[in-house]
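*Asks:* Quick one: structure below, then a few questions.
Each reported figure results from applying straightforward, stated rules to the coordinates on display, with no laboratory input. As the structure is a computational prediction, the values presented were derived from the model and not from experiment. Neighbour counts run over all protein chains shown; Cβ positions are idealised from the backbone, glycine included.
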Amino acid sequence: MDNGLEARRILGRLRRHGYAGHDPYDGLNAPLAAVLGGSLTGQRLLTQSVRRCPVPLQPLLRAPRTVSPTTLGYCLSCIARLQMHSSGVDDRRQAVDLEASLRASAVVHTHDEMAWGSHTDVSTRFGHTPRGMPNVVVTSVAAQGLLEATEAGLIDAGPDLARIGRFCIRRLMQEDADGNVWYAYTPGDTTMIHNGSALSIRALQGVGGLLGDAEMVDAAAAGVRTLARYQRPDGSWRYAENRIGDWVDGFHTGFILEMLGRRLASSSDATAAGLASTGGDYYVRRLFGSSGQPRYASTRPLPYDAMSAAQALEVLPLISAHVAGAPELLRLVETWVADHMLLGGGRVAYQVHRRWIDVRQFPRWSLAPMAAAIAGLPPVGDAGGGCR
């Protein structure tokens, strides 16, 4: 597979559609949602019906095609990685345009802080997150795109990155009675969600390293120490430290390991190295099939999901030097993705089921993260990891 060419095909499709599209979780963008009032049960039912139905329901429900800041962040990362791999194409104009679109979509944009929220209301068993509420996932993906594009010399987002770091520290940082530092999913949230905390740590260590900000670097290190306290003996992390968070899945585990891999690429942190080794061993052994299929969860292989697959391609190069079997698994996953998820013409399957493939095209969930992950793979003939 020509990684650069495949990434450009997906990126081209996204650009032709103005980076807009539907989403697995955008059911509440439909006018029907207003009829549900404040019924959380009704909101969750609508959300899950849209997510799970293999026939696109959004056009029938008149849900608009929208642009997610998450899509824009992944696309910036994709362009930066293509640039770093000397693809021979100057993407500076596209990067500048994406940066401007990201800045315009920020829901927190003051002289001191910057953050993003979801492009749709979302209701899950964890509660209701309204559109526009700043959250760590969207903010961290935007931060990563701005960071990588700045490092590639395509833009200079230093001031905005500093605002993002301050937002994470001032609005998301939490400390419990035992002195454990972690980062909330949204401002004021009190549930410890480990992958969300890891995404804040990723932003803080990247921004702090770029800007030489000791407070951000120290805040990231404190979060890593808390992750060490909550890692289970088998190397895994619960999704969340509450009564309904006791599960382990592929892409959320991948977010934690990606942060650790990026940390180890820029610092010699013995705690992070130990976490990456034990957590990566669990990831490699328990969250993939024999042919490289990305299992949805440790207890449930199906469906094979685009986000899990993209996150595997993101993580495995970063942890290859620390986890036995990771380089071999990377080759298997890359082949499996090419055979089962890349559909041609820049299209990416959403999910692969036992007897059928869900071919709905979701910019935020499958297209953009897959483009970024493929663009960051080691060039053909380079067996080394940590390429980003």
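*Asks:* So how far, in whole Å, is the C-alpha centre of the range 282-341 from the one of the range 344-361?
*Replies:* Comparing the Cα centres of the range 282-341 and the range 344-361, I get a distance of 17 Å.
*Asks:* Where does the charge balance sit around SER140 when Lys and Arg score +1, Asp and Glu -1, over other residues with C-beta under 12 Å from its C-beta? Intermediate values should be presented prior to the final figure.
*Replies:* Details: positive: ARG202, ARG262; negative: GLU258.
Combined, the nearby Lys, Arg, Asp and Glu give +1.
*Asks:* With the convex hull built on the Cα atoms of the chain, state its orientation-averaged projected area in nm².
*Replies:* Numbers: hull surface 71.2 nm².
Projected area, direction-averaged: 17.8 nm².
*Asks:* Highest mean first, how do 203-209, 312-318, 233-239 rank when packing is the count of other Cβ atoms within 10 Å averaged over residues?
*Replies:* Numbers: 203-209: 25.7, 312-318: 27.3, 233-239: 17.3.
Output ranking for 203-209, 312-318, 233-239: 312-318, 203-209, 233-239.
*Asks:* For the range 132-139, in order, what is each residue's ³J(HN,Hα) by Karplus, 6.51 cos²θ - 1.76 cosθ + 1.60 with θ = phi - 60°, in whole Hz (x at glycine and Pro)?
*Replies:* Each residue of the range 132-139 in turn: x, 6, x, 9, 6, 5, 5, 5 Hz.
*Asks:* Per 0.36 nm of contour for each residue apart, how much would the distance between ARG354 and LEU60 grow if the chain were fully extended, relative to their Cα-Cα spacing? Write down the numbers at each step before the final one.
*Replies:* Numbers: separation 294, 0.36 × 294 = 105.84 nm, distance 2.68 nm.
Net length gain for the segment: 103.2 nm.
*Asks:* To continue, here is another question. Place +1 on the Cβ of every Lys and Arg and -1 on the Cβ of every Asp and Glu in the chain, take the dipole about the Cα centre, and give the residue among LEU211, GLY223, SER39 whose Cα lies farthest towards its positive end.
*Replies:* The one lying farthest along the dipole's positive direction is SER39.
*Asks:* First measure r as the distance between the Cβ atoms of ALA100 and SER266, then evaluate 1/(1 + (r/R0)^6) with R0 = 25 Å and state the FRET efficiency to the nearest 0.05.
*Replies:* Working: r = 28 Å, r/R0 = 1.13.
Taking R0 as 25 Å, the efficiency between ALA100 and SER266 is 0.30.
*Asks:* Hey, another quick one. Under 12 Å from a point 7 Å along the Cα-to-Cβ line of LEU211: which residues of the range 153-181 have their amide N that close?
*Replies:* Label zone hits: 157-170.
*Asks:* Mind checking the range 1-106 for trypsin sites (Lys or Arg not before Pro) that DSSP puts in a loop (not H, G, I, E or B) and that have at most 13 other Cβ atoms within 10 Å?
*Replies:* Values: sites: ARG8, ARG9, ARG13, ARG15, ARG16, ARG44, ARG51, ARG52, ARG62, ARG65, ARG81, ARG92, ARG93, ARG103; in loops: ARG62, ARG65.
Those that pass, being in a loop and sparsely packed, are ARG62.
*Asks:* Around ALA324, what is the net charge, scoring Lys/Arg as +1 and Asp/Glu as -1 over all other residues with Cβ under 12 Å from its Cβ? Write out the running numbers ahead of the final one.
*Replies:* Values: positive: ARG285; negative: ASP281, GLU328.
Result for the local shell: -1.
*Asks:* On full extension of the chain, what length is gained from ALA324 through TRP247, given 0.36 nm per residue of separation minus the C-alpha to C-alpha distance? Intermediate values should be presented prior to the final figure.
*Replies:* Working: separation 77, 0.36 × 77 = 27.72 nm, distance 2.41 nm.
Answer, rounded to one decimal: 25.3 nm.
*Asks:* To continue, here is another question. When the helices in the chain are scored as -39500 (n - 2.57) per DSSP H run of 4 or longer and the sum is shared across all residues, what 222 nm value do you end up with, to the nearest 500 deg cm²/dmol?
*Replies:* Rounded to the nearest 500, it is -16000 deg cm²/dmol.
*Asks:* With +1 on each Lys and Arg Cβ and -1 on each Asp and Glu Cβ, how big is the dipole of the chain about its Cα centre, in debye rounded to the nearest 20? Display every interim value, and only then the final one.
*Replies:* Working: 39 positive and 36 negative charges, 265 e Å.
Approximately 1280 debye in magnitude.
*Asks:* Please give the FRET efficiency for LEU36 paired with ARG16, using the beta carbon to beta carbon distance and R0 = 41 Å, rounded to the nearest 0.05. The partial results should precede the final answer.
*Replies:* Details: r = 34 Å, r/R0 = 0.83.
So the FRET efficiency works out to roughly 0.75.
*Asks:* Ok, one more. Using alpha-carbon pairs under 8 Å, 6+ residues apart, how would you state the relative contact order of the range 135-211 in percent?
*Replies:* Numbers: 83 pairs, mean separation 27.3, N = 77.
Computed value for the range 135-211: 36 percent relative contact order.
*Asks:* Between ARG131 and ASP339, 0.36 nm times their residue separation minus their Cα-Cα distance comes to what?
*Replies:* Numbers: separation 208, 0.36 × 208 = 74.88 nm, distance 3.58 nm.
Stretched out fully, the ARG131 to ASP339 stretch lengthens by 71.3 nm.
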